[in-house]
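Take a look at the structure below.
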Number of protein chains: 2
Amino acid sequence: MAIHHALSGELIDIRPLGAAIETTRTATLYKTQHIEVFRMVLLAGKQMPEHHVAGEFTIQCLEGSVEFSIGTTRDIMGPGSLKCLAGGVPHSLVAIEDSSVLVTLLLHEA
Amino acid sequence: MAIHHALSGELIDIRPLGAAIETTRTATLYKTQHIEVFRMVLLAGKQMPEHHVAGEFTIQCLEGSVEFSIGTTRDIMGPGSLKCLAGGVPHSLVAIEDSSVLVTLLLHEA
């Protein structure tokens, strides 16, 4: 099945998935030449090992809780937590509970 | 008083303001050469007349509800509603309830 990406101006539902989180996959919600917006689902215990991305990005916890680490600095992110990161910063994530996060990633920086 | 902008990686609280919404102003949370993230407070009845911005942006309702219009297309955005817009699209907003929204705006597009 083709994945639906929203069009400019289209209403996108990013409310908590609740019980559906167990069967929902990470999905891109919107993508252009300059920006990609995706909801990442991380079930409890799931890790994203240290990595970095070229572009700046924001990450917002929509539900659950995740531990977000930059080097030795660790923060717990729950609903209503947001971080904005410069490009190229190594970081890692681990889900403490079943969690979904919204990532807004800048693609082609000048 | 100087307005504090978050640093890269800093934890930012975007939970609903609740009763404090009446005394909270729109504020930039994070700003770089490429991106500006701000929380806009719109009390009930407040309008933002039709306008456009050069860069692409996303807008997410954090609390309350706003009517977001693009031409004759109107959508009600409540908590967990997101829209991603191309640059240059004329749009307008009116707050139905006391509301706060998170805007992520791309500044210098290639």
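The values are calculated or read from the model by the stated rules, or taken from the named source; none is laboratory data. Remember, it's a predicted structure, so these values are computed and weren't measured experimentally. Cβ placement follows ideal geometry from the backbone for every residue including glycine, while neighbour counts extend to all protein chains displayed. Each accessible area value is taken on the protein alone, full model and side chains, heavy atoms only, with ligands, DNA and RNA left out. Shrake-Rupley method; radii C 1.70, N 1.55, O 1.52, S 1.80 Å.
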Full extension between A:Lys46 and A:Thr72 adds, at 0.36 nm per residue less the Cα distance, a length in nm of 7.5 nm
Sorted by chain and number, the residues with a modelled amide H under 5 Å from that of A:Gly80, at a separation of 5 or more or across chains, are A:Cys61
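Excluding ligands, DNA and RNA, what is the solvent-accessible area per residue of the protein assembly as shown at a probe of 1.4 Å, expressed in Å²?
Values: 10930 Å² over 220 residues.
Per residue, the protein assembly as shown has 50 Å² of solvent-accessible surface.
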Computed ³J(HN,Hα) along segment B:34-39: with the Karplus parameters 6.51/-1.76/1.60, θ = phi - 60°, integer Hz and x for glycine or proline, the list is 10, 8, 10, 10, 9, 9
Taking Lys and Arg as +1 and Asp and Glu as -1, residues besides A:Arg39 with C-beta under 14 Å from its C-beta add up to -1
Chain B, convex hull of Cα, quarter of hull surface, nm² -> 7.4 nm²
Here the relative contact order (percent) of chain B, from C-alpha pairs under 8 Å and at least 6 apart, is 33 percent
Using alpha carbon centers only, segment B:1-75 is separated from segment A:46-64 by a whole-angstrom value of 22 Å
Label points for A:His4 built 7 Å along Cα→Cβ; distances to same position in the other copies, nm, shortest first, come to 4.1
Answer in debye to the nearest 20: the dipole magnitude of segment B:30-106 about its Cα centre, from +1 Lys/Arg and -1 Asp/Glu charges placed on Cβ, is 120 debye
If every Lys and Arg gets +1 and every Asp and Glu gets -1 at its Cβ, then about the Cα centre the protein assembly as shown yields a dipole, in debye to the nearest 20, of 80 debye
If labels are modelled 7 Å from Cα along the Cβ direction, B:His52 lies from its partners in the other copies at nm distances, smallest first, of 3.7
If labels are modelled 7 Å from Cα along the Cβ direction, B:Ala27 lies from its partners in the other copies at nm distances, smallest first, of 3.5
